[in-house]
Amino acid sequence: MHGLSRLGNGVSPTPSSLSPPSSPRYRHNRNKDTARGDVEGGGDVEGGGGVGSSKGGNFLRGRSELKLQNVVERLGFAVISTVYRRRGVLLLAPLLYISAMFLYMGTSGFDSVVSISNRHGFGNGDDIRRPGSVYRSPQVFEKLWPFMEAENNGSSNLLLNVWTSKSRQSWKPYVHQTISQAGLAEVPKSNGFLIIEANGGLNQQRLSICDAVAVAGLLNATLVIPMFHLNSVWRDSSKFGDIFDEEFFMYALKHHVNIVRELPEDVLERFDNNISTIVNLRVKAWSSATYYLQKVLPKLLELGAVRIAPFSNRLAHAVPASIQGLRCLSNFEALRFSESIRMLAAKLVDRMVKNSLKSGGKYVSVHLRFEEDMVAFSCCIYDGGEEEQHEMDIARERSWRGKFRKRGRVIRPGANRRDGKCPLTPLEVGMMLRGMGFDNNTCIYVAAGKIYKAEKYMAPLKQMFPHLHTKDTLASPEELAPFMGHSSRLAALDYTVCLHSEVFVTTQGGNFPHFLVGHRRYLYEGHARTIKPDKRKLALLFDSPKIRYESFKRQLQDMLRHSDLKGIEIRKPSSSLYTYPMPDCMCKQGEIRNENGNTTGLR
């Protein structure tokens with residue numbers, strides 16, 4: 001028995017496509033360099049001791065140890081040879097061999113292991129010797145601040161001309177046309193009910209919802225308004241209608257996907273009035289459309305209702321154009337925030353515009369990821385000494401019990417910083433923006449959770465940008481009261497204020513900037529108007545206390561130009577349309593596309 005799918009009945013997938021592709025993972029290259037500068041006995045290389053010191057005593061000691069090792073090797077070989085000649089004592093061979101190896105390792109191997117362990121600890125040895133390995137931003141700021149201060153209240157404001165005067169071929173939304181070309185005048189008869197559970201924070205929930213709409217359209221299933229899993233990290237008990245406009249969501253999609261608030265009573269009775277008794281299909285991450293049609297659809301037709309939980313990242317990036325169109329429609333058009341969030345967010349945007357009169361009502365938004373859990377997870381070292389290390393150890397154990405204390409785990413804070421994996425401090429964000437040309441009159445909105453040691457780390461950012469605001473400074477305690485304790489609702493406020501800023505600065509990655517960058521491309525004719533800094537280059541720049549201000553500015557302005565060039569990007573097959581909506585959700589002015597999503601000509 002075959003149900004009607006959004007792809008029609010003529011789909012003949014190959015058997016090899018039954019299994020979904022494996023989940024894409026980031027592969028980090030491990031540093032295989034082995035330093036040789038340790039002193040004998042596993043001491044710290046800090047201070048210049050070791051082989052490289054070329055002291056006479058060390059050299060002679062190395063010669064004597066080498067001879068000792070050779071003697072031990074010859075003795076072990078002689079003993080083993082004798083044992084093998086006399087087969088009567090063959091059973092003693094393993095014991096003798098192990099004893100010889102212990103003797104050998106005792107002269108050299110254990111010391112080497114200890115040395116490597118110390119060298120790869122938090123900030124010891126070669127890990128902190130390479131440029132870009134150490135947090136020296138405060139020293140750089142101390143040197144450059146007089147030059148920044150001299151440029152205060154300048155006559156030119158970068159916000160007045162950044163990205164606005166440049167002519168580009170613009171893009172425009174192309175969502176409804178993409179879906180309508182699928183050839184279905186109305187929603188076909190439902191094949192059953194699809195129930196999904198969205199987990200994670202605001203934008204991971206958003207991802208699950210939009211993919212659920214796409215899967216429901218693919219299977220011609222009736223989608224039940226998604227349930228939200230109470231995450232142990234986010235601890236937000238909000239339901240769908242608390243964050244998103246449920247009524248509008250159903251209205252915007254009514255011609256494309258059947259959606260209901262809850263299962264009908266007659267269907268629920270078949271499952272003993274308990275949703276948890278409905279079969280939960282364990283769908284692998286990034287499953288293809290073919291997998292859903294051949295594995296999920298038969299179960300849906302047989303049972304009348306199926307669950308998929310968890311549902312995050314359960315649909316491949318590459319799906320037919322009409323299904324991509326459902327993703328576009330749900331994310332960029334149908335999924336708007338609830339009325340209470342929209343009303344307060346609109347007030348915050350209006351207040352930011354009024355505070356930015358010196359910049360023509362334009363402001364910069366910054367997604368700052370310097371919360372305690374983010375700093376702890378990065379395993380990066382800043383300038384807090386032993387107190388900071390103790391606090392981070394507690395935070396890591398609280399949120400990721402034992403993960404960072406596993407046997408054999410190697411943590412290299414210096415390598416993390418060189419690789420651009422350390423969260424930027426508020427100080428570093430401020431220095432970067434000043435170097436790019438944003439002066440002290442620039443109005444800044446900071447989207448963030450609770451900043452780690454905010455009083456200490458936010459002070460220099462406020463020093464560089466006095467017109468700095470957050471949702472806490474723009475809204476009264478009474479206005480924020482209904483949102484407190486609900487991280488997803490608070491994140492929705494930040495999302496909206498950032499969405500309407502002239503410039504958005506992302507500092508650490510994650511779902512928040514990925515969705516926001518794509519949404520800004522959708523709103524601003526294909527251009528993200530986003531600063532995504534090269535954090536590897538920043539690590540080198542902020543580790544140069546002797547750098548001249550002219551060189552500092554030149555390098556950062558080059559970085560700004562690179563962000564501008566990367567503003568318009570076409571989605572690659574392995575990328576998400578939520579970040580790169582072109583060409584699936586948008587087309588160039590004057591172009592039209594056929595049902596396969598290909599450009600066919602000019603109007």
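Per residue, the solvent-accessible area of segment 468-593 (1.4 Å probe, heavy atoms of protein chains only, all protein chains present) comes to 41 Å². Peptides 202-210, 484-492 ordered by packing proxy, namely the average of other Cβ atoms within 10 Å per residue, highest first: 202-210, 484-492. Here the accessible area of segment 382-494 is 51 percent carbon and sulfur, with a 1.4 angstrom probe and all protein chains present.
Across segment 248-253, rounded Karplus estimates of 3J(HN,Hα) from the backbone phi angles (6.51 cos²θ - 1.76 cosθ + 1.60, θ = phi - 60°) give 5, 4, 5, 5, 5, 10 Hz, Gly and Pro being marked x.
Among the listed pairs K239/K450; K535/K566; K358/K553, a Cα-Cα separation exceeding 18 Å is found for K239/K450; K358/K553. Under a 5 Å amide H cut-off, with hydrogens placed 1.01 Å from N, F193 pairs with T222, A305, V306 among residues at least 5 apart or on other chains.
Accessible area ranking (1.4 Å probe, heavy atoms, ligands and nucleic acids excluded), largest first, for T277, T507, T290: T277, T290, T507. With the cut-off at 1.5 for a/c, could you classify segment 222-326 from its C-alpha gyration tensor as rounded, prolate or oblate? Cα axes put segment 222-326 in the rounded bin. The amide H of F337, built 1.01 Å from its N in the peptide plane, has D245 as neighbours under 5 Å, considering only residues 5 or more places off or on other chains.
Rolling a 1.4 Å probe across the protein heavy atoms gives segment 359-423 an accessible surface of 49 Å² per residue. Amide H to amide H, with H built 1.01 Å from N, L468 comes under 5 Å of I444, counting only residues 5 or more places away or on other chains. Across segment 525-537, computed HN-Hα scalar couplings (Karplus, 6.51 cos²θ - 1.76 cosθ + 1.60, θ = phi - 60°) run 6, x, 9, 6, 6, 10, 9, 10, x, 7, 6, 5, 5 Hz from first to last residue, x flagging Gly and Pro. In this calculation the C-beta distance from E391 to R136 is compared with R0 = 22 Å, giving a FRET efficiency of 0.55.
A 1.4 Å probe run over segment 224-321, with the rest of the protein chains in place, finds 51 Å² accessible per residue.
The label point for E479 and the one for K295, both projected 7 Å from the Cα toward the Cβ, are 4.8 nm apart. Straight Cα distances below 27 angstrom link K406 to the lysines K32, K421, with same-chain residues fewer than 8 positions distant left out. From most to least packed by mean Cβ count within 10 Å, the peptides 261-271, 415-425 give 415-425, 261-271. Karplus-based coupling profile of segment 326-335, in residue order and whole Hz: 5, 4, 4, 4, 5, 6, 8, 10, 7, 8, with θ = phi - 60° in 6.51 cos²θ - 1.76 cosθ + 1.60 and x standing for Gly or Pro. May I ask you to list the lysines whose Cα is less than 20 Å away from that of K572, ignoring any residue fewer than eight positions away on the same chain? Answer for K572, where 20 Å is the Cα cut-off: K172, K532, K588, listed by chain and number. Heavy atoms only, probe 1.4 Å: what % of the accessible area of segment 190-327 goes to carbon and sulfur, would you let me know? So the carbon and sulfur contribution to the accessible surface is 49 percent.
Computed over neighbours whose Cβ is under 12 Å from that of G192, the net charge equals +3, Lys and Arg +1, Asp and Glu -1. Positive contributions from Lys and Arg (+1) and negative ones from Asp and Glu (-1), summed over other residues with Cβ under 12 Å from the Cβ of P138, come out at -1.
The values are calculated or read from the model by the stated rules, or taken from the named source; none is laboratory data. Note that the coordinates shown come from a computational prediction; the quantities given were computed from them, not determined experimentally. Cβ: placed from backbone, ideal geometry, glycine included. Neighbour counts: every protein chain shown. These area figures cover heavy atoms from the full protein model, side chains too; ligands, DNA and RNA do not enter into them. Shrake-Rupley method; radii C 1.70, N 1.55, O 1.52, S 1.80 Å.
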